[in-house]
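Novice: Can you read through this structure? Questions will come right after.
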Amino acid sequence: SFTRLDSGVSYREMRGGIDGIRKVKKGSIIGTQMSIRCKSLATADEPGGLLYFSTRDDTDSNELVGEIGTGDFPRGLEEGMLGMKLNAVRRIEVPSPQIFAARNAGQLPEAKTEDGKRRYDDLFKSGDATLLFEVFITQISQGDNRI
């Protein structure tokens, strides 16, 4: 079942991660592999929504790195990642108003594929920009170089 936050963000823990290791919190520098789907662009083949971005297809390193709380990631995504452990996987749904705000702040990852670019454009034309992020935490640092 999904955990719903006051902000409207919801998430489901798909894999809990490694116990005893740091958790994602404000100020954490994290590495993540992720895929992002456009919920309003769901099809029979892709009921979770069409894929617009994945670290596998759209980055050279198969990873995004950023600091929680600094605007490196959309706010709703950060809220959904708080408390995640190393090697954890969560499916995080961020509602449309927060995605529009993240787009306007330049916080959404950029698709490199033609399909991804087109789906990104279609997402904002659809009126419902809700995104589903599937996030895998590959590293967590609190600034002391420990992972």
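Novice: Mind checking which pairs have a first residue in the stretch 114-142 that is in contact (Cβ under 8 Å) with a residue 40 or more places away in the chain and at positive phi and a second that is hydroxyl-bearing (Ser, Thr, Tyr) and open to solvent by less than 60 Å² (accessible area, probe 1.4 Å), Cβ under 9 Å, 6 or more apart or different chains?
Specialist: Sorted first by the residue in the stretch 114-142, then by its partner, the pairs are 127/40; 127/96.
Novice: For the structure I just gave you, tell me whether residue 36 is in contact (Cβ under 8 Å) with a residue 12 or more places away in the chain, open to solvent by 50 Å² or more (accessible area, probe 1.4 Å) and touching a Leu at 6+ places or on another chain (Cβ under 7 Å).
Specialist: no
Novice: Looking at (1) more than 13 Å from the chain's Cα centre (by Cα); (2) buried (at least 21 other Cβ atoms within 10 Å of the Cβ); (3) in a helix (DSSP H, G or I), which is the one condition that is false for residue 118?
Specialist: (2)
Novice: For residue 30, indicate whether it is within 23 Å of residue 125 (Cα to Cα), touching a residue at least 40 places away in the same chain (Cβ under 8 Å), within 15 Å of the chain's Cα centre (by Cα) and open to solvent by less than 60 Å² (accessible area, probe 1.4 Å).
Specialist: no
Novice: Hey, another quick one. Go through the stretch 41-68 and count every residue that is open to solvent by 50 Å² or more (accessible area, probe 1.4 Å) and part of a helix (DSSP H, G or I).
Specialist: 2
Novice: All but one of (1) closer than 25 Å to residue 28 by Cα; (2) at pLDDT 95 or above; (3) open to solvent by 20 Å² or more (accessible area, probe 1.4 Å) hold for residue 71; which doesn't?
Specialist: Here residue 71 clears every test but (2).
Novice: Ok, one more. On the basis of being of a type in the set (Phe, Trp, Tyr), modelled with pLDDT of 95 or more, closer than 20 Å to residue 58 by Cα and open to solvent by less than 60 Å² (accessible area, probe 1.4 Å), does residue 100 make the cut?
Specialist: Here the answer is no, as residue 100 does not meet what is asked.
Novice: Can you name every residue in the stretch 27-52 that is among the charged types (D, E, K, R) and under 30 Å from residue 142 (Cα atoms)?
Specialist: 37
Novice: Follow-up question, since we're still on this one. Could you please let me know if residue 30 is outside any loop (DSSP other than H, G, I, E, B) and in contact with a Phe, Trp or Tyr (Cβ under 6 Å, 6 or more places away or on another chain)?
Specialist: no
Novice: Within the stretch 3-23, is there a residue that is part of a loop (DSSP other than H, G, I, E, B), open to solvent by 80 Å² or more (accessible area, probe 1.4 Å) and not charged (D, E, K, R)?
Specialist: Yes, the conditions are met somewhere in the stretch 3-23.
Novice: Please enumerate the residues belonging to the stretch 72-105 that are touching a Gly at 6+ places or on another chain (Cβ under 9 Å), part of a loop (DSSP other than H, G, I, E, B) and not aromatic (Phe, Trp, Tyr).
Specialist: Across the stretch 72-105, the qualifying residues are 72, 84, 86, 87, 88, 95, 105.
The values are calculated or read from the model by the stated rules, or taken from the named source; none is laboratory data. These figures come from a predicted structure and were not determined experimentally. All Cβ positions, even for glycine, are placed from backbone atoms using ideal geometry, and neighbour counts span all protein chains on display. Surface areas here come from the heavy atoms of the whole protein model, side chains and all, with no ligands, DNA or RNA. Shrake-Rupley method; radii C 1.70, N 1.55, O 1.52, S 1.80 Å.
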